Amino acid sequence: MKQFDFSSLPRVNEHALTLSGTIRQQADYFQVDEQLPFDVDGEGGHVWLKIQKRGINTDWLANELAKFCDVPQVAVGYAGMKDRHAVTTQWFSINMEGVTEPNWPEFETEDIKIIQRTRHGKKLKRGVLSGNIFTLRLTELQGEQQQWLTNLQRIQQQGVPNYFGEQRFGHQGNNLARVDHWFTTGKGPRKRNQKSIYLSAARSWLFNLVLAERIKQQSWDKAIVGDVMMLAGSHSVFSIEAIDDSIVERVATMDIHPTGVMWGRGTSQSVDQCLNIESATLIDWSLWQQGLEKAGMKQERRPLRLFASDLTWQFLSDDELELKFFLPAGCYATAVMRELAVIADAAHRNYQPQKSITDNK
């Protein structure tokens, strides 16, 4: 039986273990503001809504929008899932071609506010965002303030391991256990959405294992022979057969980042030392590799290092700290927090099931 203990994955900064704090003591203490890579043009058959939501799941809200507009669920689009236990601002699109627009203020509640309404010619598709701005308040701080400052400065200068966050794997890693059952027995989920969630979780866990091994070998933020490098701010990659002064300098200045494999079909882009590390790390996961290939996943690369842009902080009191930073799409604020301190998530003890908006009308 495979074990899926996220907490056992190594940290770069062991001093993070000497500090502790709490996130999401209130929804307002975890704010996320989605950033699109383009401006909405204001014309077209799709209504685009910029919505601020509090304590609400993205997929749930998309379904509520479909019901409110009397359109099929497929008519509603959004770029990415946002934390439920937070105050988040993100765009939704609704295909309203041939449909009369509803009275939008009737959709609003105490926890759902329409910030902006416009139109566009196309549906908003998954992954079409540049990233997110996070504003986080940490409470119940424990540890020397000087160590907090030292850890923050280290994150600001060196970046952090680009782990997929624990929330990627379901409550207590249940999604990974279901993946293991699927790939071991061949009995997969019937629902397409569940399959997608489990496949994403599987690839993410294998990536985390490769990243963990690079951390142990102290090469997560350095180039090694055979690495596949990714240009910062893009998905452009290139392989390196030798390491010269130019490569060392570009890695040091965050211009390029070493990458790890996101498993799927295709020949590995890595060679030599990098390929050897990835192969050795995943040698006991051949059933998962085969399962991902059979499911049609395409082999890709993901940066091993994450840089929190425009990171600022201020101590609001002796036991409260506010952070603000930007992360690219697909990256996790919890990965940043992990290198800062041991963080407890208050949302886990404040869980409440969601009810339909129509239940409250």
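The values are calculated or read from the model by the stated rules, or taken from the named source; none is laboratory data. From a predicted model like this one, the values you see are computed outputs, not experimental measurements. Heads up, the Cβs are rebuilt from the backbone with ideal geometry, glycines too, and the neighbour counts pull from every protein chain shown.
Given the conditions (1) assigned to a helix (DSSP H, G or I); (2) more than 20 Å from residue 11 (Cα to Cα); (3) over 24 Å from the mean Cα position of the chain (by Cα), report the number of the one that residue 277 does not fulfil.
(2)
Any residue at all in the range 149-157 that is in contact with a helix residue (DSSP H, G or I) (Cβ under 9 Å, 6 or more places away or on another chain) and assigned to a loop (DSSP other than H, G, I, E, B)?
Step one: of the range 149-157, the residues in contact with a helix residue (DSSP H, G or I) (Cβ under 9 Å, 6 or more places away or on another chain) are 150-151, 154-155.
Pick out the ones that are also assigned to a loop (DSSP other than H, G, I, E, B) and you get none.
Within the range 149-157, none of the residues are in contact with a helix residue (DSSP H, G or I) (Cβ under 9 Å, 6 or more places away or on another chain) and assigned to a loop (DSSP other than H, G, I, E, B).
Can residue 21 be described as over 19 Å from the mean Cα position of the chain (by Cα) and either aliphatic (A, V, I, L, M) or buried (at least 18 other Cβ atoms within 10 Å of the Cβ) (or both)? Give the steps one after another, and end with the answer.
Details: over 19 Å from the mean Cα position of the chain (by Cα): yes; either aliphatic (A, V, I, L, M) or buried (at least 18 other Cβ atoms within 10 Å of the Cβ) (or both): yes.
Yes.
Out of all the residues in the range 302-341, which are farther than 25 Å from residue 263 by Cα, under 19 Å from the mean Cα position of the chain (by Cα) and not in a loop (DSSP other than H, G, I, E, B)?
Selection gives 309, 310, 311, 323, 324, 325, 326, 337.
Tell me, please, whether a residue that is under 23 Å from residue 36 (Cβ atoms), in contact with an Asp or Glu (Cβ under 8 Å, 6 or more places away or on another chain), surrounded by 14 or more Cβ atoms within 10 Å (Cβ to Cβ) and not β-branched (Val, Ile, Thr) can be found in the range 111-122.
Scanning the range 111-122 turns up at least one residue that is under 23 Å from residue 36 (Cβ atoms), in contact with an Asp or Glu (Cβ under 8 Å, 6 or more places away or on another chain), surrounded by 14 or more Cβ atoms within 10 Å (Cβ to Cβ) and not β-branched (Val, Ile, Thr).
Go through the range 24-60 and give me each residue that's within 20 Å of residue 323 (Cα to Cα), of a type in the set (A, V, I, L, M) and modelled with pLDDT under 95.
27
Of everything in the range 213-251 that's out of contact with any helix residue (DSSP H, G or I) (no Cβ under 8 Å at 6 or more places or on another chain), among the aliphatic types (A, V, I, L, M) and not in a loop (DSSP other than H, G, I, E, B), which residue is nearest to residue 268 (Cα to Cα)?
Here the residue is 237.
Has the range 53-73 got any residue that is hydrophobic (A, V, I, L, M, F, W, C), crowded, with 20+ Cβ neighbours inside 10 Å and part of a strand (DSSP E or B)?
no
Residue by residue through the range 72-118, note down the ones that are modelled with pLDDT of 95 or more, polar (S, T, N, Q) and out of contact with any strand residue (DSSP E or B) (no Cβ under 9 Å at 6 or more places or on another chain).
Result: 103, 109.
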